[in-house]
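The next block holds one structure in the form of structure tokens; read it before the comments.
The values are calculated or read from the model by the stated rules, or taken from the named source; none is laboratory data. Here the structure is a predicted model, which means the values were calculated and not measured. Reconstructed Cβ throughout: ideal geometry from the backbone, glycine too, with neighbour counts over all protein chains shown.
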Amino acid sequence: MLVLASASPARRRLLEQAGIAHRVRVSGVDESSVVAADPGQLVQRLAVAKAEAVAAAEGEAVAVLGCDSVLVVEGEVYGKPRDREEAIARWLRMAGGEGVLYTGHALLQGLAETRVAVVSTTLAFAAVDRPEIEAYVASGEPLRCAGGFALEGRGGLFVERIEGCFSNVIGLSLPLLRRWLSACPPRTDR
């Protein structure tokens with residue numbers, strides 16, 4: 001069985017909808033302690049750190065998937081907004097523009113098997129006005145999501161175009177995970 005090293009309900013739903021048996025164990029990794037100038041390196045390091053923390057607690061007999069996402073807009077890296085004001089300021093900057101969502105993936109299967117990848121997806125955002133942004137932020141959804149929006153929720157109304165992997169924007173690339181699991185399925189002896 002796959003162990004998801006993430007508290008993200010969106011990642012859990014993706015796995016459930018895809019029919020991938022899993023359970024969740026939150027890593028407890030202090031994300032602020034992991035730094036990198038490049039957003040791809042940042043999400044890769046975070047994904048590995050989360051997977052390694054859970055693998056250390058679980059033991060060798062399980063496959064552990066760690067993921068982390070950030071959105072980059074005009075060279076600035078956006079994780080989850082700290083508060084309502086930050087979410088509104090971000091959306092005012094994002095409206096009518098583009099961003100790239102990076103998700104780091106790390107699959108650890110025992111000591112010898114580790115797969116790591118970063119998947120990026122380009123998004124074009126609608127030219128929404130301040131009242132629309134404030135109403136969206138008031139819903140609370142943007143405060144729980146990397147980049148300040150949930151594609152599978154109300155935030156999907158504000159995404160005009162996606163270039164790349166759709167599920168990556170939600171939190172993990174299902175095509176990548178399928179390839180990884182096809183090459184080496186998780187052990188089922190636990």
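May I ask you to list the residues in the range 96-139 that are modelled with pLDDT of 95 or more, out of contact with any strand residue (DSSP E or B) (no Cβ under 9 Å at 6 or more places or on another chain) and not polar (S, T, N, Q)?
Those that are modelled with pLDDT of 95 or more, out of contact with any strand residue (DSSP E or B) (no Cβ under 9 Å at 6 or more places or on another chain) and not polar (S, T, N, Q): Val128, Asp129, Arg130, Pro131, Glu132, Ile133, Glu134, Ala135, Tyr136, Val137, Ala138.
Look through the range 125-167, keep the residues that are among the β-branched types (Val, Ile, Thr) and in contact with a Leu (Cβ under 8 Å, 6 or more places away or on another chain), and return whichever of them is surrounded by the most Cβ atoms within 10 Å (Cβ to Cβ).
Here the answer is Val137.
Would you check if Ala51 is among the small types (Gly, Ala, Ser) and within 17 Å of the chain's Cα centre (by Cα)?
Yes, satisfied.
Mind listing whichever residues of the range 50-99 are under 23 Å from Ile170 (Cβ atoms), among the small types (Gly, Ala, Ser) and surrounded by 21 or more Cβ atoms within 10 Å (Cβ to Cβ)?
Listed by number, the residues that qualify are Ala51, Ala63, Gly66, Ser69, Ala87, Gly99.
Determine, yes or no, whether Ser8 is under 16 Å from Leu172 (Cβ atoms), small (Gly, Ala, Ser), modelled with pLDDT under 95 and in contact with a helix residue (DSSP H, G or I) (Cβ under 6 Å, 6 or more places away or on another chain). Before the answer, list the steps.
Values: under 16 Å from Leu172 (Cβ atoms): yes; small (Gly, Ala, Ser): yes; modelled with pLDDT under 95: yes; in contact with a helix residue (DSSP H, G or I) (Cβ under 6 Å, 6 or more places away or on another chain): no.
For Ser8, the condition - under 16 Å from Leu172 (Cβ atoms), small (Gly, Ala, Ser), modelled with pLDDT under 95 and in contact with a helix residue (DSSP H, G or I) (Cβ under 6 Å, 6 or more places away or on another chain) - is not met.
Please go through the range 27-47 and give me each residue that is more than 15 Å from Lys80 (Cα to Cα), modelled with pLDDT of 95 or more and aliphatic (A, V, I, L, M), ordered by number.
Scanning the range 27-47 gives a single hit, Ala47.
For the range 168-182, what are the residues that are outside any helix (DSSP H, G or I) and not small (Gly, Ala, Ser)?
Leu172
Can you go through Gly40, Gly28 and tell me which one is outside any strand (DSSP E or B) and exposed (fewer than 14 other Cβ atoms within 10 Å of the Cβ)?
Answer to the selection: Gly28.
Does any residue in the range 19-33 that is under 12 Å from Ala49 (Cα atoms) come within less than 6 Å, Cβ to Cβ, of a residue that is outside any helix (DSSP H, G or I) and small (Gly, Ala, Ser) six or more places away or on a different chain, and which pairs are these?
These pairs meet every condition: Val26/Ala7; Ser27/Ala5.
Gly66 versus (1) closer than 14 Å to Leu107 by Cα; (2) in a helix (DSSP H, G or I); (3) in contact with a strand residue (DSSP E or B) (Cβ under 6 Å, 6 or more places away or on another chain); (4) not hydrophobic (A, V, I, L, M, F, W, C): which is the lone unmet condition?
Against the list (1) closer than 14 Å to Leu107 by Cα; (2) in a helix (DSSP H, G or I); (3) in contact with a strand residue (DSSP E or B) (Cβ under 6 Å, 6 or more places away or on another chain); (4) not hydrophobic (A, V, I, L, M, F, W, C), Gly66 comes up short only on (2).
From the list Ala47, Ala55, Ala135, pick out the single residue that is among the small types (Gly, Ala, Ser) and either free of Cβ contacts under 8 Å to residues at least 40 places away in the same chain or outside any helix (DSSP H, G or I) (or both).
On the way: Ala47 fails: either free of Cβ contacts under 8 Å to residues at least 40 places away in the same chain or outside any helix (DSSP H, G or I) (or both); Ala55 fails: either free of Cβ contacts under 8 Å to residues at least 40 places away in the same chain or outside any helix (DSSP H, G or I) (or both).
The conditions single out Ala135.
Any idea which of Gly155, Gly164, Gly104, Gly99 is over 25 Å from Ser32 (Cα atoms) and touching an Asp or Glu at 6+ places or on another chain (Cβ under 9 Å)?
Unique residue meeting the criteria: Gly155.
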